[in-house]
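Asks: Take this structure, written in structure tokens, and hold onto it; I'll ask about it next.
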Amino acid sequence: MSSLLVWCALLQTLLLVTLRLGDCAIAVDANRTSALEEARLQRENLVRKYLKRLKKEEGALKLIGGRGDFEGNVEVFHAGKWGAICDDEWDQAEAEVVCRQLGFPGYVKPTHTGHFGRAKRKFWMDNLWCGGKEAELTDCRFDGWGANDCESGEAAGVICKQHDTDATTTSKPVPVELKVPKERFGQRLELRLVGGRVEGEGRVEVRIVDGPGGAGPWGSVCGDGWGLLEGNVVCRQLNLGYANNAVQTDFFSDEADGKGLPERVLLSGTKCYGNESTLADCLHDPIGWDTVATCSERKGHVAAVTCVPAMADLVFDHVEMEQSLHLEDRLMYLLQCAMEENCVATQAYEIQRDNPNWHLETRRLLKFTARVVNMGTADFRPHIPKHLWEWHLCHMHYHSMEVFATFDVIDGQGRKVAEGHKASFCLEDNQCLPGVEPRYACANYGDQGISVNCSDIYRHNIDCQWVDISELDFGEYTMRVAINPEFKVPEMRFDNNAATCRLLYTQTYARVFDCKHERP
């Protein structure tokens, strides 16, 4: 009996050892399988990433027209075709998402008005609104695939930060011209408009007046980044009034003018603040007497302008904003119409998605009245035709301007920490000086605009006339309100279109003060 017990104990011990060895083998196999699976997933993600980079997937992005793979106009892949992106409401948040999706460590700046050339394909996306944390650009909100009112000169682009390189990394060298900042032209320039149908329009040609051997040959101006700010400087220098249109086009290169297009591109990358007296005072890509300027497109991509003697001039009334600004906490249930127009912060949409009782949550709104006065010599009119105006069911009228005003809150480091997303406006004469009859009204599909010496007033009790600051910490900030911020509609000047103020935000109140007019 005792020997039987000993044998049973030995068998039990052997069985336990065998089971433990088996467990170890299983654990080793499991670890090996886990490591192999992780490596496989990494390879799969890497392949997926480069497939997207190689234009194989829906929502893929690429940059075109730049002088390196880190910059250019943005194109997106949808329904088997590449398309451009419109620069309406294009800012740092969208640039951050684009550069991260393309694998770069961050962005340097977003670009507008076809900075890297005209859009060569259909616009797929317009009025993008990103929070900055989205994984891909298609995760942001926009008007819908192909829905846009944009022209070829409104292409959106980015300049991304490049990866840090070390001795073991081989990278594409940065062209020397990318390291050279823009500069003012060191010599006096003579201007003329060529190819126009009437006086005051045509493509812009320039020549150096005091170069070696006297005046040089006439040359064209590359259309990269050309817009109303630059056009206004040209019209001012030629004493032709104000720029009604500034385009990147070959429309005025008809051989019927007997001149054709000059082969020499004299200026490129022109960037004006808008108040310069001459085009030579603006910034340009560096160019020497015997050097031909670089241009994203060598054929027909030239700067052109149309000048007119009378023009609108909008001024934002910051005194009205200072007097009307206040805080309001509002239930999200009452914000449903505004949320359809993207008028609240990104976090509100996350709450709506994740919280079944989202409608009981509240948002803190910084509300104020926006009064815009037309102090010019001509009416301010929308830049899109009436049949393209958008009907808004919430407000029960048509909106004629997609981007008429932007409201931004900026911290001490210059970062935008909150913004008002007021993407659509109805323009009308709400208040006029004595003796001036209002002409524009939104009701009954009426004509829209702002008459001379009249004001368009968006009062603080109107949806979206606010900034959602629910996630903002208490403290002091800068608040900037800009009218016609993307210079889509021509004006006499733009340095009175924005008001920049100090903003004090406490637990119980908010106020703005020390406001001053600036350019958007």
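Asks: Scan the range 421-520 for GluC sites (Glu not before Pro) in coil per DSSP, keeping those whose Cβ has at most 15 other Cβ atoms within 10 Å, and list them by number.
Replies: Working: sites: GLU428, GLU471, GLU476, GLU486, GLU491, GLU518; in loops: GLU428, GLU471, GLU486, GLU491.
In loop regions of the range 421-520 (DSSP not H, G, I, E or B), the sparsely surrounded GluC sites (Glu not before Pro) are GLU471.
Asks: The range 272-287 to the range 380-404: how many Å between their Cα centroids?
Replies: A separation of 34 Å, based on Cα centres.
Asks: Something else about it: Tell me, what is a quarter of the convex hull surface for the C-alpha atoms of the range 315-380, in nm² with one decimal? Mind showing how you got there, number by number?
Replies: On the way: hull surface 23.2 nm².
If I average the Cα hull's projected area over directions, I get 5.8 nm².
Asks: Find how much the distance from GLN336 to ALA443 grows on full extension, using 0.36 nm per residue of separation minus their present alpha carbon separation; answer in nm with one decimal. List each step's numbers first, then the result.
Replies: Working: separation 107, 0.36 × 107 = 38.52 nm, distance 2.30 nm.
Gain on stretching GLN336 to ALA443: 36.2 nm.
Asks: Let me ask you something else. What order do you get for 508-516, 89-97 when each peptide is scored by the mean count of other beta carbon atoms within 10 Å, highest first? Numbers along the way, then the final one.
Replies: Working: 508-516: 14.0, 89-97: 22.9.
Those peptides, ordered most packed to least, come out 89-97, 508-516.
Asks: Could I ask something else about it? So if R0 is 30 Å, what FRET efficiency would HIS383 and SER277 give, r being the distance between their Cβ atoms, rounded to the nearest 0.05?
Replies: Numbers: r = 27 Å, r/R0 = 0.89.
With a Förster radius of 30 Å, E is 0.65.
Asks: Cβ under 11 Å from ASP317's Cβ, ASP317 left aside: what net charge do those residues give with Lys, Arg +1 and Asp, Glu -1? List each step's numbers first, then the result.
Replies: Values: positive: ARG371; negative: GLU320, GLU322, ASP456.
Counting the neighbours of ASP317, the net charge comes to -2.
Asks: Please identify which residues in the range 100-136 have an amide N closer than 16 Å to a label point set 7 Å out from the Cα of TYR349, following the Cα→Cβ vector.
Replies: Once the point is set 7 Å along Cα→Cβ of TYR349, 125-136 turn out to lie under 16 Å by backbone N, inside the range 100-136.
Asks: Can you tell me the length gained on complete extension of the stretch GLU183 to GLU199, counting 0.36 nm per residue apart and subtracting the Cα distance? Before the final figure, lay out the partial values.
Replies: Values: separation 16, 0.36 × 16 = 5.76 nm, distance 3.08 nm.
Here the segment from GLU183 to GLU199 would lengthen by 2.7 nm.
Asks: Here is a follow-up. Using 0.36 nm per residue, how much length does the chain from ARG459 to LYS516 gain when fully extended, once their Cα-Cα distance is taken away?
Replies: Values: separation 57, 0.36 × 57 = 20.52 nm, distance 2.08 nm.
Answer, rounded to one decimal: 18.4 nm.
Asks: A follow-up question, please. Please report the orientation-averaged projected area of the range 397-520, defined via the convex hull of its C-alpha atoms, in nm². Write down the numbers at each step before the final one.
Replies: Values: hull surface 35.9 nm².
Mean orientational projected area (the range 397-520, Cα hull): 9.0 nm².
Asks: Then there is this: Ratio of the range 49-135's C-alpha Rg to 2.2 N^0.38 Å, to two decimals? It would help to have the intermediate numbers written out before the result.
Replies: Values: Rg = 11.9 Å, N = 87, 2.2 N^0.38 = 12.0 Å.
For the range 49-135, the normalised Cα radius of gyration is 0.99.
Asks: What's the center-to-center distance, using Cα atoms, between the range 52-120 and the range 465-520 in Å?
Replies: Cα centroid of the range 52-120 versus Cα centroid of the range 465-520: 28 Å apart.
Asks: Students often check this: by mean Cβ neighbours within 10 Å, which of 429-439, 188-198, 494-504 ranks highest, and how do the rest follow?
Replies: Values: 429-439: 13.1, 188-198: 16.4, 494-504: 19.5.
Ranking, from highest mean packing down: 494-504, 188-198, 429-439.
Asks: Counting other Cβ atoms within 10 Å, which trypsin sites (Lys or Arg not before Pro) in the range 63-162 have at most 10 and lie in a DSSP loop?
Replies: On the way: sites: ARG67, LYS81, ARG100, ARG118, LYS120, ARG121, LYS122, LYS133, ARG141, LYS161; in loops: ARG67, ARG118, LYS120, ARG121, LYS122, LYS133, LYS161.
Listed in order of number, the matching sites amount to none.
Asks: Using the Cα gyration tensor of the range 314-518, with a ≥ b ≥ c the square roots of its eigenvalues, what is the shape: rounded (a/c below 1.5), prolate (a/b larger than b/c) or oblate (neither)? Don't jump to the answer; show the numbers that get you there.
Replies: Details: a/c = 2.04, a/b = 1.34, b/c = 1.53.
Oblate shape, in that a/c is at least 1.5 and b/c is the bigger or equal ratio.
Taken together, the values in this text are just the output of simple stated rules run on the coordinates, not laboratory data. Being a predicted model, the structure only gives us computed values, none of them experimental. All Cβ positions, even for glycine, are placed from backbone atoms using ideal geometry, and neighbour counts span all protein chains on display.
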